[in-house]
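All remarks here apply to the structure that follows.
The values are calculated or read from the model by the stated rules, or taken from the named source; none is laboratory data. Given the structure is predicted, the values throughout are model-derived calculations rather than measurements. A quick note on method: Cβ atoms are made from the backbone with ideal geometry, for glycine too, and the neighbour counts reach across all protein chains shown.
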Amino acid sequence: MSSDPSSRTRRSSSHRIVDLLFGTFLAVLAVAILVWSDQSSVAGSIVAALVVGGLGIEAIICAMRGKRSLLARIGPLP
């Protein structure tokens, strides 16, 4: 009755496509944060872009590998 733990972490193709698209969106959003940021808050913009871009790149990599990303692990938020 126990299932293989590696099969539980594998994602279906539709989940992988959604993760890939959302990761791409986050990566593009990180670039947009850097491009349209105000010059008075450069440090905050860089930190925000690193966080958002890091989550986006991680989601893209996990989608390609068929594993759950960090964003998918925290589940649906209210």
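What do you reckon, is Val18 of a type in the set (Val, Ile, Thr), modelled with pLDDT of 95 or more, part of a helix (DSSP H, G or I) and surrounded by 13 or more Cβ atoms within 10 Å (Cβ to Cβ)? Spelling it out, it is not the case that Val18 is of a type in the set (Val, Ile, Thr), modelled with pLDDT of 95 or more, part of a helix (DSSP H, G or I) and surrounded by 13 or more Cβ atoms within 10 Å (Cβ to Cβ). Sub-6 Å Cβ pairs linking a first residue in segment 35-63 that is loosely packed, with under 12 Cβ neighbours inside 10 Å and part of a helix (DSSP H, G or I) to a second residue that is among the charged types (D, E, K, R) and modelled with pLDDT of 95 or more, at least 6 apart or interchain, number zero. Within segment 53-73, one or more residues are over 10 Å from the mean Cα position of the chain (by Cα), at positive phi and at pLDDT below 95. Residue count for segment 64-76 under the criterion of being touching a residue at least 24 places away in the same chain (Cβ under 8 Å) and in a loop (DSSP other than H, G, I, E, B): the result is 4.
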